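K.L.:
Got a structure for you, written out below as structure tokens; questions coming shortly.
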Amino acid sequence: MEKINFRTKVLSRHLNHDPFNTKNSSKNPFLQSSPCLSYTPPELSEPNSVFDVKLMRKLMDGHNIVDRDWLYNLMVQSKLFNPQEKGGKIFVLPDYNQSMEQQREMTMKRIEYLLDHGVFQGWLTRKGPEAELRKFAILDVVGIFDHSLAIKLGVHFFLWGGAIQFFGTKRHHDRWLKDTEDYVVKGCFSMTELGHGSNVRGIETITTYDSNTGEFVINTPCESAQKYWIGGAANHATHTIVFSQLNINRRNEGVHAFIAQIRDANGNVCPNIRIADCGHKVGLNGVDNGRIWFDNVRIPRENLLNSVADVSPDGQYLSAIKDPDQRFAAFLAPLTSGRVTIAVSAIYQSKISLAIAIRYSLTRRAFSITPSGPEVLLLDYPSHQRRLLPLLAKTYSMSFAANYLKTIYVKRTPELIKTIHIVSSAFKATLSWHNMRTLQECREACGGQGMKTENRVGHLKGEYDVQSTFEGDNNVLMQQVSKALLAEYVAAKRRNKPFKGLGLEHMNKPSPVIPSHLTSSVMRSIDFQNDILCLRERDLLNRFASEISLRQAQGESREQAFVMSYQLAEDLGRAFSDKAILRTFVDAETTLMDAPLKNILGLLRSMYALVTLEEDSAFLRYGYLSMDNAAEVRKEVAKLCGELRPHALSLVSSFGIPDAFLSPVAFNWIEANSWSSVQH
């Protein structure tokens, strides 16, 4: 009733032509004139940072800061990166109004520009962790500008070039790597087929060997065997890595990789090759995805990538690895680089969207709490904090996870291959899912401005949605994680030895006990956060193993038992990933000496851990949290939102993304939308 009376009085004054209530304005200012909104940079209105932003940026990026900044500057300087002035600032962003064909050609022109400036020097011809980390850093920055450009480079260098590096031997390295690095050869990667994606073992392309000519013959036997979604195939690639079943002496030896030429130097499609375009997509239209059919294509015997297996001139199959399963595993092990780059790029897109949405929320106001009061900043609403700040904490946590993943990958040893496969599978799924959720929330948090392509966030959803399914469907990857954990569990029990590896060492200790009443200090402690995540993983692994065992005892095959236990498998995969992410955060945090940095990281870590408890119903479903403790967790998350609010600007500034790579809505959005900007 009070609200109705208030609105009635306002409307009455308006209708009586007394909108300013000049007779009694000081006592009852229901409807008053107000000055037009003006933009105030958040740097002027927000508190000064209590921690070193440059040091935090170094911690976030992890490596090659100088190389990153050099490339940012290199791109901003060229008109090829489409610089546009908005609101008094220059922004670089691909022109998505271009046709698909124009976007593809512009992607190649940008690659040529980067090539001419030495960006790719040593990408395939230098070895060692430092060279690989520089390559990762450059790809990070490229992806911040444009996903199509990053994918085009990733296919050429990481997939085509990586396959030659890891599957090939010296003869292949000498013949192909330098030409690939210099773009004399343009490579693509033909693994996925119309009928088979995640199930690589089931691909239908067939290769046989002709001992009379010393050639392999590659054939697409049916329509479902056509190579599909092959990046680079539609327009630019001259060569491809073909994944195919190898039939020798009427025996299928499994999937192998071959080098095949698909275009000549003039861009003409080679004989017995058919190529079609995959067409327009919801994103990544700067990548020329194509479909390939092989009609008895003949290639030299030397084009088999033979680090795992070979075929002699007289047609004998040779491999030191006799077990087909082990051979297949060894064959695919090097492909983890794709999952590494996807996981890392997902987090950088989350950083972009959060930097834009949070900066906007620090300058955009909506509604007033009192009739005569000023409108309130979006980020001063607790509900808006709850939408964005937990995602910010998760993004920080996953940045540490991504950096850890890169580190173990570049320092890989044969003993680490299994760990890298499992961790990269878990992180690729978790981080790409997180990115899509973050992009959606940030799009909504920017309101209508989030729908404008120039403001990036909305468009990025279409660009990055594919990450959930390429280089392995996320759900399938999580099942692989659970299957690997189950194998470790069974092996440890069978040997009656302690758990070792995959972070399962906590299983050797007594089960953690969670306090019956959670206080703020307990919930924010590393011990509690680690204990409850370990408790969930331990219990789910035990439950998963028991269910599989029970189903097998009832006559189901191991494979069928696993398929039917998918719900526990999904819960277990998530539990492994969440715990591993927390571990990388704690490891990074405990090595720091800077007190202000440690304090803010402590808040972010606690937010990550408690939001994880709040969002996963498994904690209530299986009794790891009581109803009362779950309510306390929820209250603590809200409290942490309030404590992180003063640091929001400093935290997104610490991402180190230059203004030009954000968007107009992150800065002077009033000037960017002014009439003068239209005339300009």
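The values are calculated or read from the model by the stated rules, or taken from the named source; none is laboratory data. What you see is a predicted model, and the numbers here were worked out from it, not measured in a lab. Counting neighbours? That spans all protein chains shown, and the Cβs are built from the backbone with ideal geometry, glycine included. Please note that ligands, DNA and RNA were not included when accessible areas were found on the heavy atoms of the full protein model with its side chains. Shrake-Rupley method; radii C 1.70, N 1.55, O 1.52, S 1.80 Å.
K.L.:
Given just the C-alpha atoms of the stretch 516-662, how large is their convex hull per residue in cubic angstrom? The partial results should precede the final answer.
P.N.:
Details: hull volume 21.3 nm³, N = 147.
Roughly 145 Å³ of hull volume per residue.
K.L.:
What do you reckon, how do H156, H117 stack up by accessible area (1.4 Å probe), largest on top? Mind dumping the intermediate values first?
P.N.:
Values: H156 5, H117 85 Å².
My answer, sorted largest first, is H117, H156.
K.L.:
Compare the peptides 363-369, 263-269, 631-637 by average per-residue count of other Cβ atoms within 10 angstrom and give them in order, highest first.
P.N.:
Working: 363-369: 14.1, 263-269: 10.7, 631-637: 17.1.
Top to bottom by mean Cβ count within 10 Å: 631-637, 363-369, 263-269.
K.L.:
Would you please state the base-10 log of I(q)/I(0) at q = 0.19 1/Å for the stretch 415-549, with intensities from the Debye formula using one equal scatterer on every alpha carbon?
P.N.:
Rounded to two decimals, the profile gives -1.09.
K.L.:
Helix hunt in the chain: which complete DSSP H runs extend at least 18 Å axially by C-alpha with mean Kyte-Doolittle at least 0.5? Let's see the in-between values first.
P.N.:
Details: long enough: 2-15 (20 Å, -0.67); 100-116 (24 Å, -1.06); 129-145 (25 Å, 0.78); 336-361 (38 Å, 0.66); 382-410 (42 Å, 0.00); 417-445 (41 Å, -0.16); 474-495 (32 Å, -0.15); 526-553 (40 Å, -0.25); 566-590 (36 Å, -0.20); 595-615 (30 Å, 0.63); 627-644 (26 Å, -0.24).
Both cut-offs are met by 129-145, 336-361, 595-615.
K.L.:
Which whole-number value in Å² is the accessible area per residue of the chain, probe 1.4 Å?
P.N.:
Values: 30070 Å² over 680 residues.
The answer is 44 Å² per residue.
K.L.:
Could you calculate the contour length gain from A320 to S198, that is, 0.36 nm times the residue separation minus the distance between their Cα atoms, to one decimal place in nm? Working shown, then result.
P.N.:
Numbers: separation 122, 0.36 × 122 = 43.92 nm, distance 2.65 nm.
Between A320 and S198, full extension yields an extra 41.3 nm.
K.L.:
Roughly what % of Cα-Cα distances in the chain sit above 48 Å, to the whole percent?
P.N.:
On the way: 53066 of 230860 pairs.
Value for the chain: 23 percent of Cα pairs lie more than 48 Å apart.
K.L.:
Sticking with the crude label model, points 7 Å out along Cα→Cβ, report the distance from D659 to K598 in nm, one decimal please.
P.N.:
3.6 nm
K.L.:
Give me the percent of the accessible area of the chain that comes from carbon and sulfur atoms, probe 1.4 Å, all protein chains in place.
P.N.:
Details: 15790 of 30070 Å².
Carbon and sulfur atoms account for 53 percent of the accessible area of the chain.
K.L.:
Residues with amide H under 5 Å of G254's amide H, sequence separation 5 or more or different chain, H placed in the peptide plane at 1.01 Å from N; which?
P.N.:
Here L246 satisfy the definition.
K.L.:
Quick check: residue separation of N73 and R558 times 0.36 nm, minus the Cα distance between them. What number comes out in nm? List each step's numbers first, then the result.
P.N.:
Working: separation 485, 0.36 × 485 = 174.60 nm, distance 5.52 nm.
Additional length available on full extension: 169.1 nm.
K.L.:
Taking 7 Å along the Cα-to-C-beta vector as the label spot, tell me the N542-A491 distance in nanometres, rounded to one decimal.
P.N.:
Each label point is offset 7 Å from its Cα along the Cβ direction, giving 2.3 nm.
K.L.:
To continue, here is another question. Under the rule of at least 5 residues apart or a separate chain, name every residue whose amide H is placed under 5 Å from the amide H of K86.
P.N.:
F91
K.L.:
Can you give me the distance in nm between label points at L80 and E415, each placed 7 Å from the Cα along the Cα-to-Cβ direction?
P.N.:
Result: 4.5 nm between the two label points.
K.L.:
Quick one: which of 433-441, 414-422 comes out on top by average Cβ neighbours within 10 Å, and what's the full order, highest first?
P.N.:
Working: 433-441: 21.1, 414-422: 16.0.
Ranked from most to least packed, the peptides come out as 433-441, 414-422.
K.L.:
Then there is this: How large is ³J(HN,Hα) for each residue in the stretch 308-313, as worked out from phi by the Karplus curve 6.51 cos²θ - 1.76 cosθ + 1.60 (θ = phi - 60°), to whole Hz, x for Gly and Pro?
P.N.:
Using θ = phi - 60°, the values come out as 9, 8, 9, 10, 6, x Hz.
K.L.:
Quickly rank 488-497, 184-193 as a protection proxy: mean count of other C-beta atoms within 10 Å, highest first. The partial results should precede the final answer.
P.N.:
Values: 488-497: 12.3, 184-193: 24.1.
With the highest mean Cβ count within 10 Å placed first, the list reads 184-193, 488-497.
K.L.:
Based on the Cβ-Cβ distance from Y113 to R634, what FRET efficiency comes out when R0 is 56 Å, to the nearest 0.05? Working shown, then result.
P.N.:
Details: r = 51 Å, r/R0 = 0.91.
With R0 = 56 Å, the Cβ-Cβ based efficiency is 0.65.
K.L.:
Counting only the heavy atoms of the protein chains, how much of E105 is accessible to a 1.4 Å probe, in Å² to the nearest 10?
P.N.:
The value for E105 is about 90 Å².
K.L.:
Suppose the chain between K178 and R250 were pulled fully straight at 0.36 nm per residue; how much longer would it get relative to their current alpha carbon spacing?
P.N.:
22.2 nm
K.L.:
I would also like to ask the following. Going by accessible area, probe 1.4 Å, with all protein chains left in place, what is the ranking of D325, D531, D571, largest first? Can you show the working numbers first?
P.N.:
Details: D325 90, D531 55, D571 20 Å².
The most accessible residue leads, giving D325, D531, D571.
K.L.:
Quick one, can you get me the convex hull of the C-alpha atoms of the stretch 187-327 expressed as volume per residue in Å³?
P.N.:
Values: hull volume 16.2 nm³, N = 141.
So the per-residue hull volume is 115 Å³.
K.L.:
Can you give the FRET efficiency to the nearest 0.05 for I369 and R57, using r as the Cβ-Cβ distance and R₀ = 51 Å? Could you put the intermediate results ahead of the total?
P.N.:
On the way: r = 35 Å, r/R0 = 0.70.
Between I369 and R57 the formula returns 0.90.
K.L.:
Excluding D616 itself, what net charge comes from residues whose Cβ is under 10 Å from its Cβ, given Lys and Arg +1 and Asp and Glu -1? Kindly include the intermediate steps, with their values, before the conclusion.
P.N.:
Details: positive: R536, R574, R621; negative: D571, D578, E614, E615.
So the surrounding residues net to -1.
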